[in-house]
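Enquirer: Have a look at the structure that comes next, please.
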Amino acid sequence: DAFAAGLLALGLEPGDRVGIWSPNNAEWVVTQLGTAKAGLILVNINPAYRTHELEYALNKVGCRALVTATSFKTSDYLGMLRELGWGPGTRLPLLEAVIQVGGSSPGTIPFAEVAQLGGDAQRARLAELAHSLQFDEPINIQFTSGTTGSPKGATLTHHNILNNGFFIGEAEKLGPDDRVCIPVPLYHCFGMVLGNLACITH
């Protein structure tokens, strides 16, 4: 709730796109749930993307904010972002805010600080949104692999991904004593839907 209110305090509005570019961590899950509560559309960015792929994905769907890890394996995420720049006059002209997981580089917002940004107005707005957001509105954009051309962004709804996770959990007869191993990145449908949402709904 605090993270969702913080996103609204950054000036994001329902329907805006927020990218997430990170390996699996708790911040990924907080971002998934927080964006949904705020009516924002989470855009899953492959953690293996290189600079040109990141540029394509963020511009294709018009991300206004990006939650990013600092680095992962040999990928210097902040270095790639600095190469592209963000804001008007850069290669990422629509990107306004970069929220950094595990660091506080110049020009970025530390992930932990976002939850401190929201005030009474943003919490009241979240309460209003809880009654106005609809099941058939977009919540998530996932990109195809791009093996037959440039990756395509598939737009999914609250109804789509929640039911997908719920019914997979039903078919697997999941219960509160079960543990689910998620060996894949959360950016993939298996990770965020069949993992996170199947577990949350059960």
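The values are calculated or read from the model by the stated rules, or taken from the named source; none is laboratory data. Not measured: the values here are computed from a predicted model. Please note: Cβ atoms are built from the backbone with ideal geometry, for glycine as well, and neighbour counts cover all protein chains shown. Heavy atoms of the whole protein, side chains included, go into the accessibility calculation; ligands, DNA and RNA do not. Shrake-Rupley method; radii C 1.70, N 1.55, O 1.52, S 1.80 Å.
Enquirer: Keeping all protein chains in position, work out how much accessible area Ser132 exposes to a 1.4 Å probe, and write it in Å² to the nearest 10.
Expert: Answer for Ser132: close to 60 Å² accessible.
Enquirer: Using the crude model of +1 on Lys and Arg Cβ and -1 on Asp and Glu Cβ, and no other charge, please compute the dipole size for the chain relative to its Cα centre, in debye to 20.
Expert: Using Cβ point charges on Lys, Arg, Asp and Glu, the chain gives about 420 debye.
Enquirer: Within the set of other residues whose C-beta is less than 13 Å from the C-beta of Gly195, count the net charge using Lys and Arg as +1 and Asp and Glu as -1.
Expert: Once all neighbours under 13 Å are counted, the net charge is -1.
Enquirer: Tally up the carbon and sulfur contribution to the accessible surface of the chain as a whole percent, 1.4 Å probe, everything protein left in place.
Expert: Carbon plus sulfur share of accessible area: 56 percent.
Enquirer: Also, I was wondering about something else. Tell me the accessible surface of Cys181 in square angstrom (1.4 angstrom probe, heavy atoms of protein chains only), to the nearest ten.
Expert: Counting only protein heavy atoms, the figure is 100 Å².
Enquirer: Could you work out how far the C-alpha centroid of region 32-97 sits from that of region 108-173, in angstrom?
Expert: That distance is 16 Å.
Enquirer: Full-extension gain between Lys173 and Ser71, please, as 0.36 nm times their residue separation minus the C-alpha to C-alpha distance.
Expert: 33.0 nm
Enquirer: Let me ask another. What FRET efficiency comes out for Thr155 versus Ala124 if R0 is 25 angstrom and r is the Cβ-Cβ distance? Round to the nearest 0.05.
Expert: 0.30
Enquirer: If you don't mind, another one. With a probe of 1.4 Å, find how much accessible area region 64-195 has per residue, and write the answer as a whole number in Å².
Expert: 57
Enquirer: May I pose another question? Give me P(r) over region 25-171, computed from all C-alpha to C-alpha distances, binned every 5 Å, as integer percentages.
Expert: Binned Cα distances yield the sequence 2, 8, 16, 19, 21, 16, 11, 5, 1, 0, 0.
Enquirer: I would also like to ask the following. Please report the antiparallel percentage of DSSP beta bridges with both residues in region 8-96, rounded to the nearest 5.
Expert: Among the beta bridges of region 8-96, antiparallel pairing accounts for roughly 10 percent.
Enquirer: With r defined as the distance between the Cβ atoms of His131 and His52 and R0 fixed at 45 Å, what FRET efficiency is calculated, to the nearest 0.05?
Expert: In this case the efficiency is close to 0.60.
Enquirer: Show the residues, 5+ positions off or on another chain, whose built amide H is closer than 5 Å to the amide H of Ile139.
Expert: When sequence neighbours closer than 5 places are left aside, the close amide H contacts are Leu156, Thr157, His158.
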